[in-house]
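The values are calculated or read from the model by the stated rules, or taken from the named source; none is laboratory data. Since we're looking at a predicted model, the values are computed, not measured. Neighbour counts are summed over all protein chains in view; Cβ atoms, including those assigned to glycine, are modelled from backbone coordinates with ideal geometry.
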Amino acid sequence: MATIEVKDGNPVGAIQQLLRSILERGLVSAILAPQEIPSKKTVVQTLVRDPAKLDAANPLAPVFSVNSARILAKMCAVLAPQALADDTEAPDQTEAPDEPDESAEAEAGENQTQAESADQAADGPAEAPPIGVVLRACEVRAVVELVKLQQIDLAPFLIIGVDCWGAYSVPDYAAKVSAGPQDGSVTADFLKQAAAGTLPEDLRGACRICQFPVPTCADVAIQLIGEDINRQIGLQAGTDKGRALLAAMELDETPESDGRADAVAKLTEAKKALADQDLSDFLATIEELCINCRNCSAVCPICYCKQCVFDGQVFQYPLDKYLDWSGKKGVLGLPTDKLLFHLTRLSHVVTSCVACGQCEAACPNGIALGRVYQRISAAAQQALDYEAGRSLDEELPLSTFREDELAVAEN
Amino acid sequence: MSEEFEPKIVGFLCNWCSYAGADLAGTSRMQYPPNLRIIRLMCSGGLDPLYVYRALIGGCDGVLIGGCHPGDCHYTNGNYKARRRIAVLKTILRELGLGEDRVWLRWISASEGGRFAETIRDMVADLKEKGPNPLALSWAI
Ligand code: SF4
Ligand code: SF4
Ligand code: SF4
């Protein structure tokens with residue numbers, strides 16, 4: 001591991017400097033990172049190619065508006081037009097000869113729709129610098145799952161994962177900005193509390209009980225927990241790509257900070273203590289509050305289907321069918337299929353759910369889905385000896401099996 | 001009231017083993033209660049959990065999923081995959097307090113007519129004890 005120095009007690013500035021420098025040196029072709037919007041009321045993900053345009057980058061802002069794994073999947077969805085042409089020969093002289101970056105990008109694009117080609121990319125000809133993608137821990141875990149679900153190809157990306165203490169909801173964060181933070185920014189206020197080990201109680205539901213503050217499988221991890229982040233930040237390479245980046249930056253090797261392992265364990269324990277809640281009110285909550293808008297599915301990184309099963313013909317019923325159901329039960333709740341949708345969606349996603357809580361954030365009626373998914377996905381993944389986002393090599397649990405297991409499921 | 005209550009069971013049976021087992025029970029004139037509605041599938045591994053939920057929410061009292069014994073799947077390993085999927089489904093029902101023990105996964109071979117009849121008798125007895133599925137009273141379908 002390596003460390004970077006933090007000047008003026010400003011860790012955000014140090015990270016901006018880091019991102020700017022890897023972009024300036026051409027170690028990455030672009031940076032995808034959250035930046036504060038001019039009003040400062042939230043951050044949005046941005047793709048930056050001009051190092052001068054990173055001034056508002058703030059990966060430490062405690063606000064979480066989209067799970068960026070969805071963004072990467074979208075970027076991988078379309079085969080780049082250049083990749084369709086057979087360009088096995090040397091770079092085409094007639095095409096943008098003065099912009100070597102462009103053709104380099106086409107190379108990267110070639111691999112984008114085939115997750116399988118990821119491991120071949122290393123042997124490919126002239127490699128384009130990757131896009132540096134700055135993600136919080138649960139986003140990295142969602143990326144890992146989407147790689148295995150063949151929705152993301154990692155080849156064009158360099159994943160920079162950041163330790164995460166949690167975040168506020170988008171409206172709560174905006175309200176805090178409007179109310180005027182004490183220490184100059186909501187980020188500074190938050191980091192102060194986090195470093196002191198007293199996390200605010202009004203974090204997003206999923207963040208309050210998150211069990212995974214540290215990014216796994218990232219090429220480079222930015223380590224904050226257990227560090228004195230007003231003085232220094234840790235950088236840990238997790239892959240060859242990450243090691244190459246740190247080597248190119250000529251950072252000195254430093255030992256892992258003493259307090260880190262303890263600080264991570266303490267944080268996880270504290271959150272775990274809040275997690276174990278009874279979910280038996282779920283049925284009533286869905287019947288009362290769910291309007292079947294399916295926003296929860298629309299924002300979920302794991303609900304990646306091009307067409308959801310609930311959009312299919314099976315769920316278009318003739319009028320008679322409604323009367324039939326109503327006749328059988330005496331009363332039929334509308335819209336139909338709310339509980340069915342939730343149970344089915346649970347079945348489809350819990351084995352890969354990363355408990356990011358975006359489903360909860362998207363619900364117009366404030367249904368606390370975060371704790372539901374956190375608890376059920378933990379239980380289901382444990383039953384199958386799997387952990388979403390833990391490793392790129394572990395097979396997806398529903399596409400494999402062991403002969404001798406799960407006798408408990410049999411009757 | 002539990003004397004009067006006749007549970008409704010939906011059985012998803014695989015074509016090669018459990019359905020044939022049910023057939024054998026019938027042709028051998030084995031007695032089992034008439035509480036079961038059978039839906040034949042090609043393989044237990046092809047069952048989308050959606051249909052199990054649909055049956056439970058629609059008000060049926062129990063769901064039986066029948067497949068070939070481990071190692072005997074006509075499609076090599078569909079039953080092993082079904083077992084994982086059903087394990088997830090049961091976890092979901094359990095965590096939500098929706099009665100995972102109304103869903104039974106049982107391996108019944110084509111020659112096990114007796115085991116099939118016994119399964120239905122056991123299941124009916126068990127569901128009579130449990131009483132009607134509370135989801136039947138919900139407004140949901
Ligand atoms: S609910 Fe199921 S079918 Fe629909 S988008 Fe999600 S995973 Fe796909
Ligand atoms: S189900 Fe909810 S918590 Fe799980 S990955 Fe999807 S959005 Fe995140
Ligand atoms: S976002 Fe909320 S209201 Fe909409 S379908 Fe999901 S739980 Fe129901």
Consider A:Val350 against the criteria (1) within 14 Å of ligand 3 (Cβ to nearest atom); (2) closer than 30 Å to A:Val214 by Cβ; (3) hydrophobic (A, V, I, L, M, F, W, C): it satisfies all of them except one. Which criterion is unmet? (1)
Hits in segment B:1-48 (condition: closer than 14 Å to B:Gly66 by Cβ and charged (D, E, K, R)): B:Asp23, B:Arg37, B:Arg40
Residue under question is B:Ala136, and the condition is that it be assigned to a helix (DSSP H, G or I), at the interface with another protein chain (Cβ under 9 Å from one of its Cβ atoms) and not acidic (Asp, Glu); does it hold? yes
Restricting the search to segment A:279-307, which residues are at pLDDT below 95 and crowded, with 16+ Cβ neighbours inside 10 Å? A:Leu279, A:Phe282, A:Leu283, A:Thr285, A:Ile286, A:Tyr304
I need the full set of residues from segment A:328-341 which are outside any loop (DSSP other than H, G, I, E, B) and more than 9 Å from chain B (Cβ to nearest Cβ), in order please. A:Phe341
Scanning segment A:342-365 for residues that are within 14 Å of chain B (Cβ to nearest Cβ) and small (Gly, Ala, Ser), which turns out nearest to ligand 2 (Cβ to nearest atom)? A:Ala355
Looking for something touching a residue at least 60 places away in the same chain (Cβ under 8 Å), more than 10 Å from chain A (Cβ to nearest Cβ), in a loop (DSSP other than H, G, I, E, B) and in contact with a Gly (Cβ under 9 Å, 6 or more places away or on another chain) - is there at least one such residue anywhere in segment B:45-61? yes
In segment A:356-387, how many residues are in contact with a Pro (Cβ under 9 Å, 6 or more places away or on another chain), in a loop (DSSP other than H, G, I, E, B) and more than 16 Å from ligand 3 (Cβ to nearest atom)? 3
Pick from segment B:67-99, criterion among the hydroxyl-bearing types (Ser, Thr, Tyr) and at the interface with chain A (Cβ under 9 Å from one of its Cβ atoms), ranking: surrounded by the fewest Cβ atoms within 10 Å (Cβ to Cβ): B:Tyr80
Scan (1) closer than 25 Å to B:Asn79 by Cα; (2) away from ligand 3 (no atom under 16 Å from the Cβ); (3) modelled with pLDDT of 95 or more for the single condition A:Arg390 breaks and write down its number. (1)
Among the candidates A:Ser65, A:Ser21, residue that is surrounded by fewer than 20 Cβ atoms within 10 Å (Cβ to Cβ), under 29 Å from A:Arg231 (Cβ atoms) and not basic (Lys, Arg): A:Ser21
Is it the case that some residue within segment A:355-363 is surrounded by fewer than 21 Cβ atoms within 10 Å (Cβ to Cβ) and either touching an Asp or Glu at 6+ places or on another chain (Cβ under 7 Å) or in the same structural domain as A:Glu287 (by TED's automatic domain parsing) (or both)? yes
Positions within segment A:285-320 being away from ligand 2 (no atom under 16 Å from the Cβ), more than 9 Å from chain B (Cβ to nearest Cβ) and in a helix (DSSP H, G or I), in sequence order: A:Glu288, A:Leu289, A:Asp311, A:Gln313, A:Phe315, A:Leu319, A:Asp320
Inspect segment A:333-349 for any residue being on the phi > 0 side of the Ramachandran plot and away from ligand 1 (no atom under 16 Å from the Cβ) and give the result as yes or no. no
Residue list for segment A:1-38, filter: acidic (Asp, Glu) and not in a loop (DSSP other than H, G, I, E, B): A:Glu5, A:Glu24, A:Glu36
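Test A:Ser391 against the criterion of being within 11 Å of chain B (Cβ to nearest Cβ) and either of a type outside the set (Phe, Trp, Tyr) or away from ligand 1 (no atom under 14 Å from the Cβ) (or both), and give yes or no.
no
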Whether any residue in segment A:358-378 is in contact with a strand residue (DSSP E or B) (Cβ under 9 Å, 6 or more places away or on another chain) and hydrophobic (A, V, I, L, M, F, W, C) is what I want to check. no
Checking the conditions here, which among A:Ala196, A:Ala155 is among the aliphatic types (A, V, I, L, M), free of Cβ contacts under 8 Å to residues at least 60 places away in the same chain, crowded, with 20+ Cβ neighbours inside 10 Å and assigned by TED's automatic domain parsing to the domain that holds A:Pro62? A:Ala155
The condition from (1) more than 16 Å from ligand 3 (Cβ to nearest atom); (2) at pLDDT 95 or above; (3) surrounded by fewer than 20 Cβ atoms within 10 Å (Cβ to Cβ) that A:Asp276 misses is numbered (2)
With criteria (1) surrounded by 21 or more Cβ atoms within 10 Å (Cβ to Cβ); (2) at pLDDT below 95; (3) touching a Gly at 6+ places or on another chain (Cβ under 8 Å), A:Ile233 comes up short on (3)
Taking the criterion of being among the aromatic types (Phe, Trp, Tyr), more than 21 Å from B:Ile65 (Cα to Cα) and buried (at least 21 other Cβ atoms within 10 Å of the Cβ), would at least one residue in segment A:315-334 satisfy it? no
Does at least one position in segment B:116-129 carry a residue that is assigned to a loop (DSSP other than H, G, I, E, B) and small (Gly, Ala, Ser)? no
